[in-house]
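Worksheet: one structure, shown below.
The values are calculated or read from the model by the stated rules, or taken from the named source; none is laboratory data. Computed from a predicted structure; not experimentally measured. Methodologically, a virtual Cβ is constructed for each residue, glycine included, from the backbone with ideal geometry; neighbour enumeration extends over all protein chains shown. Side chains included, ligands, DNA and RNA excluded: accessible areas come from the protein's heavy atoms. Shrake-Rupley method; radii C 1.70, N 1.55, O 1.52, S 1.80 Å.
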Amino acid sequence: MDDASANDRFIFLGTATSEGVPRVSCLTQPPAPRCETCLDADATAQSPNRRRNTSILIQHRYRPGEVQQSGRPYENVVVDVGKSFYTSALDIFPRVGLRYIDAVVLTHEHADATNGLDDLRDWTMNIGMAMGDGPSSIPVWGDARTLERVRTAFPYLVEPKYATGSGLVPKLTFRQLQPWQWLCPTSATGGVLNGSAPSGRATDGSPPGPCGLWLRPIPVEHGNDQPCLAFRFGNVVYMSDVSRVPPAAMKAIRGCEILVIDALKPGNRRHVSHLCEEEALELAIELRPRRVLFTGMTHQWHHQRDNARLCEWSEKHHCLHPDLPAMQVELAFDGLQVPFSL
Ligand SMILES: [Zn+2]
Ligand SMILES: [Zn+2]
């Protein structure tokens with residue numbers, strides 16, 4: 001934590017693409033594996049090169065006067081639960097003292113953002129319902145398209161009457177968010193798929209507080225005909241899956257101090273559904289946050305080597321533009337904790 005006064009923090013639960021790092025294909029490469037990143041990720045349990053599907057957990061500590069939605073002095077909101085959510089939580093939750101999940105927010109419908117929903121059973125059955133020390137049903141927020149995909153992929157999660165066997169499935173309450181509208185994910189009561197707007201929202205401008213953590217969903221493009229949501233909360237913008245940021249989104253993002261941004265591959269490569277390093281840097285230069293954290297990274301990024309290179313880039317960039325505030329660009333890694341303020 002680089003800011004002792006911060007009340008709030010977010011923690012990276014994953015920083016990789018869908019395959020994760022290490023890749024099995026690299027570790028089985030004949031005649032012998034050569035990929036430096038995957039070899040390091042495989043050999044070292046806490047290597048920053050070991051990456052899972054992109055996700056963060058936002059932890060907000062209530063201020064005096066705020067309505068404590070969770071019944072604890074803080075609330076935990078997870079953004080995206082992908083295919084590797086279980087292994088992320090297994091590794092990171094005990095290590096950084098996390099137990100509860102008060103709400104989940106989804107950026108889009110892809111498998112690496114939603115396929116871990118089933119794993120939430122441990123939180124609703126063995127913490128919430130059984131122990132009574134957490135929510136017995138976790139609200140899951142997404143836009144209409146994302147919730148429709150979830151309904152198709154996991155009918156038994158949306159309507160428990162489809163559950164077979166013991167019928168024991170995670171107890172989730174699906175709620176539809178509206179792009180651009182500030183959202184307090186732990187506050188609303190009721191609301192189901194395609195339901196009417198619950199209370200606890202504002203339409204525009206700044207967060208209407210006092211309630212706890214407010215997020216603003218900002219629509220961006222994530223390849224052909226694929227929308228995705230970035231989220232603004234406090235002085236942070238989290239933009240994990242993006243290929244283009246439309247002008248209206250740029251306007252909503254401007255002024256953030258910490259920018260988490262998709263950077264699939266290093267260098268000047270291009271990709272149809274993600275930004276790569278050069279494009280991410282161009283965007284950062286335009287927005288000028290004080291801290292930029294890359295996420296959504298393939299094994300082509302080697303943490304130690306490329307982080308040192310970006311550190312040097314940041315220093316050089318500052319020397320070339322001494323009149324502008326310094327901007328630190330770095331690679332995020334699974335388990336990284338970042339203090340922020342609302
Ligand atoms: Zn590899
Ligand atoms: Zn995606």
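Structure notes:
- Each 5 Å bin from zero holds the following percent of Cα-Cα pairs in the stretch 51-135: 3, 14, 24, 25, 18, 11, 4, 1.
- Ordering of 169-178, 323-332 by burial proxy (mean other Cβ atoms within 10 Å per residue, highest first): 169-178, 323-332
- Rounded to the nearest whole Hz, the Karplus-based 3J(HN,Hα) values (6.51 cos²θ - 1.76 cosθ + 1.60, θ = phi - 60°) of the stretch 71-85 follow the sequence x, 10, x, 9, 10, 10, 10, 9, 9, 6, 10, x, 5, 9, 4, with x at glycine and proline.
- Anisotropy class of the stretch 223-289 from Cα gyration tensor, a/c 1.5 cut: oblate
- Cα pair distances in the chain, grouped into 20 Å bins until the bin that holds the longest one, percent each: 31, 59, 10, 0
- Once the Cα-Cα distance is subtracted from the 0.36 nm per residue extended length, the Arg269 to Arg72 segment shows a gain of 66.4 nm.
- Positive contributions from Lys and Arg (+1) and negative ones from Asp and Glu (-1), summed over other residues with Cβ under 11 Å from the Cβ of Gly14, come out at 0.
- Table column - 3J(HN,Hα) (Hz), the stretch 256-273, Karplus curve with 6.51, -1.76, 1.60, x for Gly and Pro: 6, 9, 10, 10, 9, 9, 4, 8, 4, 9, x, x, 9, 5, 10, 8, 5, 10
- Size of charge dipole - the chain - debye, nearest 20, with Cβ of Lys, Arg +1 and Asp, Glu -1, no other charges: 420 debye
- The phi-based Karplus calculation (6.51 cos²θ - 1.76 cosθ + 1.60; θ = phi - 60°) puts the 3J(HN,Hα) values of the stretch 243-249 at 10, 8, 10, x, x, 5, 5 Hz, whole numbers, x for Gly and Pro.
- For the pair Lys316 and Gln337 in one chain, pulling the backbone fully straight at 0.36 nm per residue adds 5.0 nm over the alpha carbon distance.
- Annotation for Ala111 and Arg244: the two label points, set 7 Å from Cα along the Cα-Cβ direction, are 2.7 nm apart.
- The stretch 239-342: C-alpha gyration tensor shape, a/c 1.5 cut-off, then a/b vs b/c: rounded
- Inter-label distance, nm, simple model (7 Å from Cα along the C-beta direction), Arg151/Glu36: 5.0 nm
- Summed side-chain charge close to His222 - residues other than His222 whose Cβ falls under 12 Å, Lys, Arg +1, Asp, Glu -1: -4
- Length gained on full extension, Arg305 to Leu27: 98.1 nm, using 0.36 nm per residue less the C-alpha separation.
- Lysine pair count for the chain (Cα-Cα distance under 22 Å; residues 8 or more apart in sequence or on different chains): 4.
- Solvent-accessible area per residue for the chain (1.4 angstrom probe, square angstrom): 42 Å²
- Packing-based ranking of 76-86, 300-310, 152-162 yields 76-86, 300-310, 152-162, ordered from highest to lowest mean Cβ neighbour count within 10 Å.
- Taking a sphere under 12 Å around the Cβ of Asp262 and counting the other residues whose Cβ falls inside, with K and R at +1 and D and E at -1, yields a net charge of -2.
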